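Read the structure below first, then the notes.
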Amino acid sequence: MAFSSSSNPEELTFPEGFGWGASTAAYQVEGGWDADGKGPNVWDTFTHQGGDRVFRNQTADVACGSYTLWEEDLKCIKQLGLTHYRFSLSWSRLLPDGTTGFINQKGNCFLKIEGIDYYNKMIDDLLANGVIPIVTLYHFDLPQHLEDQGGWKTGAIVEVFDAYAQFCFGTFGDRVKLWITINEPNVLAVLAYEKGLFPPGVPNLGTGAYQTAHNMIKAHAKAWHSYDSLFRKKQNGQVSIALFSPWVEPSNPTSIADQEAAKRVMTMALDSFAKPIFIDGDYPAELKSRVAAMSKKQGYPSSRLPEFTEEEKKMIKGSADFFVIHYYTSALAQHQENSGGELNILKDIEVEIFPDPSWQVSHPGSWVRVVPWGLRKLLKYIKDTYNNPVIYITENGFPQGDPAPLDDTRRWEYFRQTIQELYKAIHLDKVNLQLYCVWSLLDNFEWTEGYSFKFGLYQVDFENPALPRVPYKSAMEYAKVIQNNGIKGSL
Ligand code: GAL
């Protein structure tokens, strides 16, 4: 089709075979928190403790009930016509204490079978309906037993995660060909281990994020190598890690200091994970030198950012088969000298970030500013920085507040514009984007926001014990996009 600047909408058709999906995560939808021998995870513990850390002290004990209502979810997936469905495995549903000890132990077989059968059925049903499963091994829900032993703060977790990953590859990998090891280690490290907003709920300012991110990167790389050496030949699948990133622009576009500040945020948010994994096994030099200098100034004996050994660098370099990105919003950055006080990672890179006030919020009180064009810029950045990788977007979404109207016209306009930006990224910027997934299939338990943020394509009535799923207008519109492999729009 011809590119024109006219505002007359035209058919923007995506490349043949482009993937259209939706995503969920175990803790956010499954419920059945202690069903059939499932062990507790850190979110079970955290929500059961109360303490107003989660909206109205809500829990996901029941959530969308997907553990028993999978057939209802499948109906939604079929109604949308998804080509891909991304979900996560509940680690402690499969391995109640997080280790493979249980499944090896004779006499405890019943514990393993329940969890395995649940996911087997999901995978088999998806494949029987022509839907490709994308499976995340770990989406924020660390088994409590592992947290009790130090969790991501200890190096020992690297082996434990690898054993879990091998167990999953061995159990489901005959049918699952697309794996994501860890969901958003860059978000988890900050929210859980730096700020203490997510479980285990203990802030470790200045050190927690670096320490845990370091172990997550190693755990991911080790699992990738296990797949590569033990499973790939037979199973022929692919493994990656999902990274979250905003798009960041300088607050004052003509200020060199702000331009550099914006680059530093991208370095911290995305490159600190993507560069080791996709380029050379190590953190960005600027990050290393800045954190080292800041640590020295603050009297630390060594940098608060740990170092990879040469052997680890070799293991980490090249440990992903495709690039997975999650995008929700953008920000502006401004250089801000570190004048002391509380430690945090933005202070380490001497930046302040904030939204452009002209960007609308998705709903009052939301952290999501509506910036569809930021995604195109982010995709171009990934293309240019990481040698034009195959890119999968496995999360992008727009929350509504409570109550959320079924006629979510404004939200669909966001998705429509976003899909138009994806088209531009593919056709104008030549980005190798092959899949787009909406977060989320269902309204669900949105972590500390509880059920007050509605990200679903389907509304779930949490007051009704039957937990009925009802499509928003966006679901119907998305189904049309999938059917046409494209959208009406203009460039
Ligand atoms: C992501 C996370 C999802 C979902 C989404 C919306 O960071 O992976 O689980 O909560 O944000 O906030």
Worksheet item: Which value in deg cm²/dmol, rounded to the nearest 500, describes the helix-derived mean residue ellipticity at 222 nm for the chain, given -39,500 (n - 2.57) per DSSP H run of n ≥ 4 and division by the residue count?
Response: -11000 deg cm²/dmol
Worksheet entry | FRET efficiency, 1/(1 + (r/R0)^6) with R0 30 Å, evaluated for Ser302 and Asp384 via beta carbons | 0.35
Discussion item. Relative contact order of region 170-279, please, whole-number percent, based on alpha carbon pairs below 8 angstrom and at least 6 residues apart.
Written reply: 29 percent
Worksheet item: Relative contact order, percent, of the chain when contacts are C-alpha pairs under 8 Å separated by at least 6 residues?
Response: 19 percent
Item to complete: Find out how many positive minus negative residues lie around Gln235, taking Lys and Arg as positive, Asp and Glu as negative, among other residues whose Cβ is under 13 Å from that of Gln235.
Response: +2
Worksheet item: Non-local amide H neighbours of Glu446 (under 5 Å, H modeled in plane, Pro and chain starts lacking H): which ones?
Response: Tyr451, Ser452, Phe453
Worksheet item: Of Lys314/Lys424; Lys121/Lys383; Lys177/Lys313; Lys234/Lys317, which ones are farther than 31 Å apart at the Cα?
Response: Lys314/Lys424; Lys121/Lys383
Worksheet item: Kyte-Doolittle mean at least 0.0 and Cα extent at least 24 Å along the axis: which DSSP H helices of the chain qualify?
Response: 109-128
Worksheet, complete the sentence: Cβ-Cβ cut-off under 11 Å around Ala475, Lys and Arg +1, Asp and Glu -1: the net charge is +2
Response to the item:
Filtered hits (aspartates and glutamates, Cα-Cα < 17 Å from Lys480, offset >= 8 within chain) -> Glu10, Glu11, Glu16, Asp407, Asp408, Glu413
Worksheet, complete the sentence: For region 161-216, using Cα atoms only, the Rg and Dmax in Å read 14.2, 42
Worksheet item: By counting other Cβ atoms within 10 Å of each Cβ, how are Met294, Met268 ranked from fewest to most?
Response: Met294, Met268
Item to complete: Mind jotting down the distance between the C-alpha centroids of region 146-183 and region 380-413, whole Å?
Response: 27 Å
Practice prompt. Quickly work out the Phe322-to-Trp373 label distance, labels modelled 7 Å from Cα along the C-beta direction, and quote it in nm with one decimal.
Written response: 2.9 nm
Worksheet item: How would you rank Trp412, Trp367, going from fewest to most other Cβ atoms within 10 Å of each one's own Cβ?
Response: Trp367, Trp412
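What is the order of Ser289, Ser474, Ser366, fewest Cβ neighbours within 10 Å to most?
Numbers: Ser289 12, Ser474 25, Ser366 19.
Going from sparsest to densest Cβ surroundings: Ser289, Ser366, Ser474.
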Discussion item. Starting from 0.36 nm per residue, how many nanometres of slack lie between Asn252 and Gln483 once their C-alpha separation is accounted for?
Written reply: 78.9 nm
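Quote the FRET efficiency, to the nearest 0.05, computed for Thr309 versus Asn8 with a Förster distance R0 of 45 Å and r equal to the Cβ-Cβ distance. The partial results should precede the final answer.
Values: r = 59 Å, r/R0 = 1.30.
The value I calculate is 0.15.
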Response to the item:
For the chain, percent of DSSP beta bridges that are antiparallel (nearest 5) comes out at 25 percent
Worksheet, complete the sentence: Of the residues Pro357, Ala425, Gln334, the Cα lying farthest along the dipole of region 311-456 towards its positive end, which is defined by charges on the beta carbon of Lys, Arg, Asp and Glu, belongs to Ala425
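Values quoted throughout were computed directly from the atomic coordinates according to the rules given, and no laboratory measurement underlies them. Since the model is a prediction, treat every value here as computed from it, not as a measurement. We place every Cβ from the backbone using ideal geometry, glycine too, and count neighbours over all the protein chains shown.
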